[in-house]
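Read through the structure below, which is laid out as structure tokens, and then see the notes.
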Amino acid sequence: MTIELESIVDSARTAFADAATPADLENAKAQFIGKAGRITELMKGMAALSVEEKKTRGAAINTAKQAIEAALNARRQALADAELDIQLKAEALDVSLPGRLREPGSLHPVSLTMERIEQIFASMGFDVADGPEIESDWHSFTSLNNPPNHPARSMQDTFYVDINGDDGIPYNLRPHTSPMQVRYAHAHIKKYAGREMPEIRVIAPGRTYRVDSDATHSPMFHQCEGLWLGENVSFKDLKVVFTDFCRTFFESEDLALRFRPSFFPFTEPSAEIDIQFQSGPLAGRWLEVAGSGQVHPAVVRNMGLDPEKYIGFAFGMGPDRLTMLRYGVNDLRLFFDGDIRFLRQFR
Ligand code: DAH
């Protein structure tokens with residue numbers, strides 16, 4: 001190689017080394033071996049030479065060109081390596097860091113109770129029904145033998161909604177699941193229209209609302225309604241079904257039940273159902289768990305059925321209270337605070 005060629009190769013190496021990015025490098029390459037690069041110009045200049053001179057000059061230029069290409073490729077590789085290095089550092093994964101623990105969720109204790117109630121009654125041949133939480137005045141009260149202005153309405157401190165029903169009376173947030181008695185009966189009659197109608201046997205669990213709030217009352221709470229209506233259903237059946245339910249629910253064979261006379265507009269006679277544990281922390285105390293009674297003839301009529309033919313019983317219980325008794329919880333508000341330390345105990 002001539003001194004001239006060596007100096008071109010040297011400046012190429014310097015230019016490549018100075019190129020900080022792949023784009024800079026391609027620009028630098030163009031100065032030496034691009035279309036108008038210095039080596040390319042030298043090659044063009046060979047046209048005037050003799051054959052002998054072309055040989056030696058050509059070989060020398062070629063050697064220089066190869067040296068430049070080698071330097072170019074080395075620098076390309078170096079820049080690519082550096083770029084990969086930066087990328088790898090940016091995406092670095094520290095496998096020694098502890099993982100983020102995701103604990104499995106679990107059902108709320110009241111949901112566990114609801115499921116349990118549904119399972120037990122389903123095993124006794126009861127259907128499970130669902131209904132609206134925003135209810136008409138007729139369904140919540142009037143259909144249940146509780147006419148407007150009747151003092152029995154004040155047994156429940158009801159939330160009213162700013163929308164009037166067809167009768168001009170505002171809708172309410174249902175204060176109990178009892179409206180499901182009439183709703184379900186209507187649906188049942190419609191379903192079996194023109195056919196022989198089987199007995200009505202249903203439970204209706206769900207959310208209910210009242211203007212009420214303390215350690216044992218929450219403005220939103222749960223109820224589960226029950227209805228068994230047929231041509232030959234009696235109070236004795238209620239006793240059997242409810243006793244069976246309580247003993248299965250609390251897993252206690254020697255649980256005592258008592259039916260205490262009471263008043264509800266939609267039943268006659270009416271009874272409060274109390275239970276008594278024979279052992280454990282609550283042993284000996286009578287604990288109220290449900291209201292019940294024989295369905296009032298006026299209610300049977302509002303269902304669209306003949307009270308001379310159809311007779312049966314209804315009950316309404318509080319799954320929140322059943323949950324408190326089953327797990328020994330003494331403050332209802334714990335169920336609705338959402339405190340994970342409380343809730344994870346039911347996992
Ligand atoms: N609806 C009543 C309440 O919320 C509970 C109740 C009592 C339901 C007697 C019934 C029943 O079906 O027969 O207090």
Is at least one residue of segment 140-155 within 13 Å of the ligand (Cβ to nearest atom), of a type in the set (D, E, K, R) and not in a helix (DSSP H, G or I)? no
Look through segment 261-280, keep the residues that are of a type in the set (S, T, N, Q) and more than 16 Å from the ligand (Cβ to nearest atom), and return whichever of them is nearest to TRP228 (Cα to Cα). GLN276
Among all residue pairs at least 6 apart or on different chains, which show Cβ distances below 7 Å where the first residue, located in segment 311-324, is in contact (Cβ under 8 Å) with a residue 60 or more places away in the chain and the second is away from the ligand (no atom under 12 Å from the Cβ) and among the small types (Gly, Ala, Ser)? GLY312/GLY230
Here is a list: ALA15, ALA80, ALA19. Which entry is surrounded by 15 or more Cβ atoms within 10 Å (Cβ to Cβ), of a type in the set (A, V, I, L, M) and in contact (Cβ under 8 Å) with a residue 24 or more places away in the chain? ALA19
Sole miss for GLY338 among (1) within 15 Å of the ligand (Cβ to nearest atom); (2) within 30 Å of the chain's Cα centre (by Cα); (3) at positive phi is condition (1)
Residue check, ILE120 part of a helix (DSSP H, G or I), more than 16 Å from the ligand (Cβ to nearest atom) and either among the aromatic types (Phe, Trp, Tyr) or loosely packed, with under 12 Cβ neighbours inside 10 Å (or both): no
If the requirement is being more than 12 Å from the ligand (Cβ to nearest atom), basic (Lys, Arg), over 26 Å from PHE141 (Cβ atoms) and more than 38 Å from the chain's Cα centre (by Cα), which of these qualifies: ARG301, ARG258? ARG258
Just to be sure before I move on: is PRO179 over 11 Å from MET303 (Cα atoms) and either under 32 Å from the mean Cα position of the chain (by Cα) or within 16 Å of the ligand (Cβ to nearest atom) (or both) in the structure I sent? no
Out of everything in segment 313-335 that is away from the ligand (no atom under 16 Å from the Cβ) and among the basic types (Lys, Arg), what residue ends up being modelled with the lowest pLDDT? ARG333
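The values are calculated or read from the model by the stated rules, or taken from the named source; none is laboratory data. Small disclaimer: the values here were computed from a predicted structure and weren't measured. Note that each Cβ is placed from the backbone with ideal geometry, even for glycine, and that neighbours are counted across all protein chains shown.
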